[in-house]
Amino acid sequence: MDLWTVVAFGSALFAGLTAILAKCGVRHTDSDVATAVRTLVVLVFSWVMVAVEGTDVPATLASISGRSYVFLALSGLATGASWICYFKALATGDVSKVVPIDKSSTVLSVLLAIVLFGETGHLAVKLGSTVAILVGTLMMVERRGGRGARGGAGLHGSAGSRAWLAYAVASAVFAALTSILAKVGVEGMDSNLAMALRTCVVLVMAWAAVAVKGKLAQVRRINSRELAFLVLSGLATGASWLCYYYAIQMGQVSIVVQIDKLSILVSVAFSWLVFGERLSRAAAAGLVLIVCGTLFMTIWT
């Protein structure tokens, strides 16, 4: 197994922890404020990693092409939009439903990687696995009220109860764009520095959203316990990104994004232990399909 494959599994582990920690941090905290605080933690983490690595930042920045800067900025904007939508979805929906939809971004990422980067090796396996993942995702999003801690709304709930679904879908679309744009932006760059630069864009976007919506005063009122969870979530995100950037830089996007989405196992397990969100038989079968599709693609391609 290649090193970038192992690192991609590390990204999945930390990403899974991120979702649970983030959920704990938005129980009473506004989702936009939570996104902004968490992004600040990720920014500090990313620049610390750049410093630890000993990168000559001025010289490296001068050598980066304008094209890379543009794509990193676009990737950062897509990430910011994805995070804002993701936190909105987590604030009103069950983790065990929101995460599968967010992870379905892998389907679009694989298709875009095939078209844009020519990653057509073992095409039948990739497409077959992608279909299995998509079907599994649909099975996990129950069509009737689930047995979650809040009896989460299904797809046919009221307009208010379906708000989390719209945000989760938007999060998945922006996340898919993030992977593709980041692949172009990090070509020939140090992955840690790329993460740090991209996070700067996300930070500006996140805090701008808070300021425009008049929520700056709420930052000082964040519950200390939830603030701790947001900080931990930010650290987990930073670790996940560190692994993810290295993996997509050294490996195939269409495979890395699949492995990264195995974070759903971590998220679902903790959502059951922490929030009591139990899966129905159909949802459990869907989870098995997602995992099998991901592993099949990883092993056979």
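The values are calculated or read from the model by the stated rules, or taken from the named source; none is laboratory data. Bear in mind the structure is a predicted one, so any value in this text is a computation, not a measurement. With ideal geometry, Cβ positions are generated from the backbone for all residues, glycine too; neighbour counts draw on all protein chains shown.
Cβ-Cβ below 8 Å, separation at least six or inter-chain, first residue in region 231-256 and over 14 Å from Ser191 (Cβ atoms), second polar (S, T, N, Q) and part of a helix (DSSP H, G or I): which pairs?
Ser233/Thr18; Gly234/Thr39; Ala236/Thr18; Thr237/Thr18; Ser254/Ser109; Ile255/Thr5; Ile255/Thr298
Select, from Ala283, Ala269, the only residue that is on the phi < 0 side of the Ramachandran plot, among the hydrophobic types (A, V, I, L, M, F, W, C) and in contact with an Asp or Glu (Cβ under 8 Å, 6 or more places away or on another chain).
Ala283
So is Met205 surrounded by fewer than 17 Cβ atoms within 10 Å (Cβ to Cβ), in contact with a Ser or Thr (Cβ under 9 Å, 6 or more places away or on another chain), in contact (Cβ under 8 Å) with a residue 60 or more places away in the chain and not small (Gly, Ala, Ser) or not?
For Met205, the condition - surrounded by fewer than 17 Cβ atoms within 10 Å (Cβ to Cβ), in contact with a Ser or Thr (Cβ under 9 Å, 6 or more places away or on another chain), in contact (Cβ under 8 Å) with a residue 60 or more places away in the chain and not small (Gly, Ala, Ser) - is not met.
Considering only region 279-301, state which residues are β-branched (Val, Ile, Thr) and either outside any helix (DSSP H, G or I) or surrounded by fewer than 20 Cβ atoms within 10 Å (Cβ to Cβ) (or both).
If the condition is that a residue be β-branched (Val, Ile, Thr) and either outside any helix (DSSP H, G or I) or surrounded by fewer than 20 Cβ atoms within 10 Å (Cβ to Cβ) (or both), then Val288, Val291, Thr298, Ile299, Thr301 are the ones that fit.
Would you mind finding the one in Ala124, Ala132 that is modelled with pLDDT of 60 or more, surrounded by 15 or more Cβ atoms within 10 Å (Cβ to Cβ) and in a helix (DSSP H, G or I)?
Only one candidate qualifies: Ala132.
Is it the case that Ser68 is surrounded by fewer than 24 Cβ atoms within 10 Å (Cβ to Cβ) and closer than 27 Å to Ala208 by Cα?
Yes, satisfied.
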